[in-house]
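K.L.:
I'd like to ask some things about the structure below.
The values are calculated or read from the model by the stated rules, or taken from the named source; none is laboratory data. These numbers were taken from a predicted model, which means no experiment stands behind them. Here Cβ is always computed from backbone atoms with ideal geometry, including for glycine, and neighbour counts include all displayed protein chains. Just the protein is used for accessible areas: all its heavy atoms, side chains included, with ligands, DNA and RNA removed. Shrake-Rupley method; radii C 1.70, N 1.55, O 1.52, S 1.80 Å.
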Amino acid sequence: QVHLVESGGGLVQPGGSLRLSCVASGSSFSIYNMGWYRQAPGKQRELVAGITPGRNTNYADSVKGRFTISRDNAKNTVYLQMYSLKPEDTAIYYCNAQLAMHDYWGQGTQVTVSS
């Protein structure tokens, strides 16, 4: 069982930056695939970025070059560094942990990009 807690969301102006954090409880964090997803009002949840245990990463085309996912296995934490934020990045951001048939979600953190 893995419990995920996100933090770091908030209100930011266009062009600004935020760093999201997701702390995982439980053991074996280092062997989980970790990801950040987001869901905007009226839209489906979408993958933003993912990172494997070997630190291979993948990104949605819409965030490539602006967002960076990383993980600190010693702290059981995955991060999403977001730069050059746009109003269309406004959404609830969710942390996800996957291992085989196990799939865990955090409760989400709101990111609002607005002037």
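K.L.:
Do you know which of the residues in the range 1-22 that are aliphatic (A, V, I, L, M) and open to solvent by 70 Å² or more (accessible area, probe 1.4 Å) is farthest from the chain's Cα centre (by Cα)?
P.N.:
Selected residue: LEU11.
K.L.:
Show the residue pairs meeting these rules: Cβ distance below 8 Å; 6+ apart or different chains; first residue within the range 3-25 and at positive phi; second residue open to solvent by 60 Å² or more (accessible area, probe 1.4 Å) and at pLDDT 95 or above.
P.N.:
What qualifies is GLY8/ARG19; GLY10/GLN110; GLY15/SER84.
K.L.:
Among the residues of the range 35-42, is there at least one that is among the aliphatic types (A, V, I, L, M) and not in a loop (DSSP other than H, G, I, E, B)?
P.N.:
No, the range 35-42 contains no residue that is among the aliphatic types (A, V, I, L, M) and not in a loop (DSSP other than H, G, I, E, B).
K.L.:
Looking at the structure I just gave you, is LEU85 assigned to a strand (DSSP E or B), within 14 Å of ARG19 (Cβ to Cβ) and open to solvent by less than 10 Å² (accessible area, probe 1.4 Å)?
P.N.:
For LEU85, the condition - assigned to a strand (DSSP E or B), within 14 Å of ARG19 (Cβ to Cβ) and open to solvent by less than 10 Å² (accessible area, probe 1.4 Å) - is not met.
K.L.:
Any residue in the range 69-80 that's in contact (Cβ under 8 Å) with a residue 24 or more places away in the chain and open to solvent by less than 20 Å² (accessible area, probe 1.4 Å): show its pairings with residues that are in a strand (DSSP E or B) and β-branched (Val, Ile, Thr) at Cβ separation under 6 Å, as long as the two are six or more apart or on different chains.
P.N.:
Hits for this filter: ILE69/ILE51; ILE69/THR57; ARG71/ILE51; ARG71/VAL78; THR77/VAL23; LEU80/ILE69.
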